[in-house]
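Peer 1: Next up is a structure, given as structure tokens.
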Amino acid sequence: KKWNIAIVGATGAVGAQMIECLEERDFPVGKIKYLASSRSAGEILEFKGKAVLVEELTHDSFDGIDIALFSAGGERSKEFCPSAAKAGAICIDNSSAWRMDADVPLVVPEVNAHAIAGYKKKGIIANPNCSTIQMVVALKPLHDHAQIKRIVVSTYQAVSGTGKKAIEELRVQVGELLNGRPANTEVYPHQIAFNCLPQIDSFCDNGYTKEEMKMVNETRKIMEADIKVTATAVRIPVFFGHSESINIETAKEISVATAMELIAAAPGCELVDDVAEGIYPMPVDAAGQDFVQVGRIRKDESIENGLNLWVVADNIRKGAATNAVQIAEILIEKYLK
Ligand code: 2RA
């Protein structure tokens, strides 16, 4: 059987990656439809070498569509997912619009694939935030073994997480600064080249950013556990690949050796940890592939049952597009036969 697919936000960084993932993974696509804002409508993209016209997104765009992959911002998803679902398309939404809705499953296949069963409630499945996805993939095997009580995470996030314009802003700023010209800032509030910005998304009343609260709230929903989470999310001048320094406190003792074994055997994880050989995860290695790379595993001697780890993943692939396509694969294999 082939499935008719719509990509909403096809001209964005994640939309383009979704298309590439469908091609790479040979997803059984019947008809494919590229949808975007009126600004981008009219562009010609491709699917498996064939030209596909980008059409303007409207409430009538979803007739005959089986699965709609959304990555066009929260407002678009809030406005158009209900129409898509009403037309019979199941939405897999990469925006934050529906993630905390009780009737919308929030899914990382390696962690809570069973939650996909709830897709029928609203016809929407939410893709978690990239920084949440890579963290829960790495922590799932450790939580199953020793029950995580608390997570302290600091993130070092690539500019591609903001989108194409941010990638361009970093590129141009580096050139400007190296040629003695002032850095032009449009996308970010401050210079990003050769700098770190401890702000991703806007600030909430509690002094945390929306990005940091996404990690707190989404982690608890996905792992279906009352885990205490605190986060600091930082933008760094890297193009692709989010890095995270994660500290966990577990209910049971877990040795470094056991943690290494569990990570090495866990779905979606790759153990990259041999510091004697200078081997540890880095964005330049993690970008362009789908594994969540885990290293620098070591005891946190300052608390009982503490462990530190360093986790790096491609934020556009596993952090967004690949995760969404994996959900679509489970949908057609287990639920939409
Ligand atoms: C970011 N996680 O990195 C957010 C959205 N992709 O900007």
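Read-outs: derived from the displayed coordinates by stated rules, not from any lab. Small disclaimer: the values here were computed from a predicted structure and weren't measured. So basically every Cβ, Gly included, is an ideal-geometry build from the backbone, and we count neighbours across all protein chains shown.
Peer 1: Round to the nearest 0.05 the FRET efficiency obtained for D300 and N195 when R0 = 30 Å and r is the Cβ-Cβ distance.
Peer 2: 0.55
Peer 1: Quick one: work out the % antiparallel among DSSP beta bridges in the chain, nearest 5.
Peer 2: Taking every DSSP beta bridge within the chain, about 45 percent pair in antiparallel fashion.
Peer 1: Here's another thing I want to ask about it. Can you give the charge dipole size of the chain about its Cα centre, rounded to the nearest 20 debye, using +1 on the beta carbon of Lys and Arg and -1 on the beta carbon of Asp and Glu?
Peer 2: 720 debye
Peer 1: Here's another thing I want to ask about it. Hey, what did the range 252-304 get for relative contact order, percent, Cα under 8 Å, at least 6 apart?
Peer 2: Value for the range 252-304: 38 percent.
Peer 1: Further question: Quick one: grab the alpha carbon gyration tensor of the range 195-327, order the square roots of its eigenvalues as a ≥ b ≥ c, and give me rounded if a/c is under 1.5, else prolate or oblate depending on whether a/b is larger than b/c.
Peer 2: Because its axes are fairly even, with a/c under 1.5, the range 195-327 counts as rounded.
Peer 1: Once every DSSP H run of n ≥ 4 in the chain is given -39500 (n - 2.57) and the sum is divided by its residues, what mean residue ellipticity at 222 nm do you get, rounded to the nearest 500 deg cm²/dmol?
Peer 2: Result for the chain, helices only: -8500 deg cm²/dmol.
Peer 1: Which distance in Å, rounded to a whole number, links the C-alpha centroids of the range 27-92 and the range 269-328?
Peer 2: 32 Å
Peer 1: What share of the DSSP beta bridges in the range 88-247 is antiparallel, in percent to the nearest 5?
Peer 2: 35 percent
Peer 1: Which length gain, in nm to one decimal place, applies between E24 and K121 when the Cα-Cα distance is subtracted from 0.36 nm times their residue separation? Each step should come with its number before you reach the end.
Peer 2: Numbers: separation 97, 0.36 × 97 = 34.92 nm, distance 3.04 nm.
Gain on stretching E24 to K121: 31.9 nm.
Peer 1: Summing +1 for each Lys or Arg and -1 for each Asp or Glu, what net charge is found among the other residues whose Cβ lies under 13 Å from the Cβ of A286?
Peer 2: Residues close to A286 contribute a combined charge of -3.
Peer 1: What is the packing order of peptides 39-51, 317-329, 61-73, 207-219, taking the mean over residues of other C-beta atoms within 10 Å and listing the highest first?
Peer 2: The peptides rank, most packed first, as 317-329, 61-73, 207-219, 39-51.
Peer 1: Could you work out which residue, out of A146, A276, A36, moves most in a Gaussian network model of the chain, that is, has the largest mean-square fluctuation with Cα springs under 10 Å?
Peer 2: Largest GNM mean-square fluctuation: A276.
Peer 1: Shifting gears a bit: Taking the Cβ of I32 as the centre, find all other residues whose Cβ is under 12 Å away and add up their charges (Lys, Arg: +1; Asp, Glu: -1).
Peer 2: +1
Peer 1: Still on this structure: Summing +1 for each Lys or Arg and -1 for each Asp or Glu, what net charge is found among the other residues whose Cβ lies under 11 Å from the Cβ of A89?
Peer 2: Net charge in that neighbourhood comes out at 0.
Peer 1: What translational D, rounded to a whole number of µm²/s, comes out for the chain from Stokes-Einstein when the hydrodynamic radius is the Kirkwood one over Cα pairs, at 4 °C and 1.567 mPa s?
Peer 2: On the way: Rh = 20.6 Å.
It diffuses with D of about 63 µm²/s by this estimate.
Peer 1: What percent does the relative contact order of the chain come to when contacts are Cα pairs within less than 8 Å and at least six residues apart?
Peer 2: 18 percent
Peer 1: Moving on. Length gain on complete extension for the stretch D63 to S154, per 0.36 nm per residue less the alpha carbon to alpha carbon distance?
Peer 2: Working: separation 91, 0.36 × 91 = 32.76 nm, distance 4.30 nm.
Additional length available on full extension: 28.5 nm.
Peer 1: Can you work out the FRET efficiency for the pair K334 and K164, with r the C-beta to C-beta distance and R0 = 45 Å, to the nearest 0.05?
Peer 2: Once the sixth-power term is evaluated, E becomes 0.85.
Peer 1: If you don't mind, there's one more thing I want to ask. What is the extension gain from K50 to A225, computed as 0.36 nm multiplied by their sequence separation minus the C-alpha to C-alpha distance, in nm to one decimal?
Peer 2: Numbers: separation 175, 0.36 × 175 = 63.00 nm, distance 4.54 nm.
The span from K50 to A225 would gain 58.5 nm if fully extended.
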